[in-house]
1. Which entry is the computed mean projected area of the Cα convex hull in nm² for this structure: (i) 14.9; (ii) 13.8; (iii) 16.2?
2. By its C-alpha gyration tensor, with a ≥ b ≥ c as the square roots of the eigenvalues, how is region 29-161 shaped: rounded for a/c under 1.5, else prolate for a/b larger than b/c, else oblate?
3. At q = 0.11, 0.15, 0.17 Å⁻¹, what log₁₀ I(q)/I(0) does region 109-202 have when each alpha carbon counts as one equal point scatterer in the Debye sum?
4. If I model a spin label as a point 7 Å beyond the Cα along the Cα-Cβ vector, how far apart are those points for residue 116 and residue 232 in nm?
5. Once both labels are modelled 7 Å past Cα along the beta-carbon direction, what's the residue 189-residue 225 spacing in nm?
6. State the Kirkwood hydrodynamic radius of region 150-211 in Å, one decimal place, computed from all pairs of distinct Cα atoms.
7. At 0.36 nm per residue, minus the direct Cα-Cα distance, what do residue 198 and residue 181 gain on full extension? Give it in nm, one decimal, please.
8. Using 1/(1 + (r/R0)^6) with R0 = 45 angstrom and r between the beta carbons of residue 94 and residue 44, what's the FRET efficiency to the nearest 0.05?
């Protein structure tokens, strides 16, 4: 998430709630930053977590509509109360002041990634060795790295992280492993030129986060949790 902790945070999806004039179901309007392979701009290929969340909301008899926006904008809108809910947020003590958190529905593995020609090991983070690490601005990961010799550099995206690494502007990057694999595949990079730590630097549960300024938050969270825990299928009504 250092913060992104979209992804920030995660990651994430912000929701506004309204009642449909033609139906009794709750319509949840969402905004999510693009975070492939989890969330995509392409409405035909939403991403694995977008599809999962759709299913959970459907099972909870709530309708979900989503708009893709930059993470920092989405987060500020949710915090100010302009929108009501974030979907796909990592929990931090600071965020708990503003949001309720559902049961986790996914877990992100944050790995230390470096070049194979000059690998950075997980154990190096505990040593008195100066290390520069790129992280996406606003994401909430790397909080358990308490070493004054580690310098963090903020970037705009996961792809920019990889570019910094390849240009030797940083020693390593912190990134969700699935996000890393997706990005290097899209850029046709050879994965063999990278070293990925076996041990995760962070293991981060992903939550639905609901604004404390919204009177419906607790009810929506309860319905979401019930559908998630019961693992009941989505039953879409057909004419």
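All of the numbers you see were taken from the coordinates with simple rules; none came from a lab. Just so it is clear, the structure is predicted and the values come from calculations on it, not from any experiment. Here Cβ is always computed from backbone atoms with ideal geometry, including for glycine, and neighbour counts include all displayed protein chains.
1. Among (i) 14.9; (ii) 13.8; (iii) 16.2, the one calculated here is (ii).
2. Taking the square roots of the gyration eigenvalues as a ≥ b ≥ c, region 29-161 is prolate.
3. Once normalised to I(0) and log-transformed, intensities are -0.26, -0.49, -0.65.
4. 5.0 nm
5. 4.0 nm
6. The Cα-based Kirkwood calculation yields 13.2 Å.
7. Gain on stretching residue 198 to residue 181: 4.7 nm.
8. E(calc), rounded to 0.05, equals 0.80.
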